[in-house]
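Before any comments, here is the structure.
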Amino acid sequence: FSLGVVLAELFTGLLQNEEVDGEMIDLFDRYSEDGSKKFDLVSAADESAGQWDADAKKSFADLALQCIALHPERRPRIGGIVECLGNIASRARPWTVGERNRITVLTSAPLVYFDESGTHPITMLPDVSQERESLMRCIKESNRD
């Protein structure tokens, strides 16, 4: 829920519980479908943030609204939020030729996990060369080598 409030603050340029023109701003009440006022979040985009791609603007507003849903089961999980923000970013700002030839973010799951009783190996010995080979294949297949 709190992340949704932060996303709505970023999108609108308004702060939660900020007083504007004598009115205390409650982003949930103002924009959530579960709130009492139900203003349109898309039209409330902060103009000082510059020009938004129309699809990115709608997607970001929709994500913020999903995150501030009253019932937790209606809110997206963090993995879905990260994926959505990544999709919005890639649509809103296409790669330049120079950016196509470098990896911006790369994450990898660990090869060994630890639990209370010690090590729980996925593989008995971490094989860094095998992991490197897999990453190189992925990079080559994505035409970003």
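The values are calculated or read from the model by the stated rules, or taken from the named source; none is laboratory data. Quick caveat: nothing in here was measured; it's all calculated off a predicted structure. Using ideal geometry, Cβ is built from the backbone for each residue, glycine included, and neighbour counts are taken over all protein chains shown. SASA here: full protein model, heavy atoms, side chains in, ligands and nucleic acids out. Shrake-Rupley method; radii C 1.70, N 1.55, O 1.52, S 1.80 Å.
Structure notes:
- Summed over the range 34-60, the residues that are in contact with a helix residue (DSSP H, G or I) (Cβ under 7 Å, 6 or more places away or on another chain) and either assigned to a loop (DSSP other than H, G, I, E, B) or among the hydroxyl-bearing types (Ser, Thr, Tyr) (or both) give a count of 9.
- Cβ pairs under 7 Å, 6+ apart, first in the range 77-91 and surrounded by 12 or more Cβ atoms within 10 Å (Cβ to Cβ), second charged (D, E, K, R): ARG91/ASP53; ARG91/ASP55
- Within the range 61-92, tally of residues that are in a loop (DSSP other than H, G, I, E, B) and in contact with a Lys or Arg (Cβ under 6 Å, 6 or more places away or on another chain): 1
- Conditions (1) out of contact with any helix residue (DSSP H, G or I) (no Cβ under 9 Å at 6 or more places or on another chain); (2) free of Cβ contacts under 8 Å to residues at least 24 places away in the same chain; (3) open to solvent by 70 Å² or more (accessible area, probe 1.4 Å); number of the one not met by VAL20: (3)
- Hits in the range 23-33 - residues which are exposed (fewer than 14 other Cβ atoms within 10 Å of the Cβ) and under 22 Å from the mean Cα position of the chain (by Cα): GLU33
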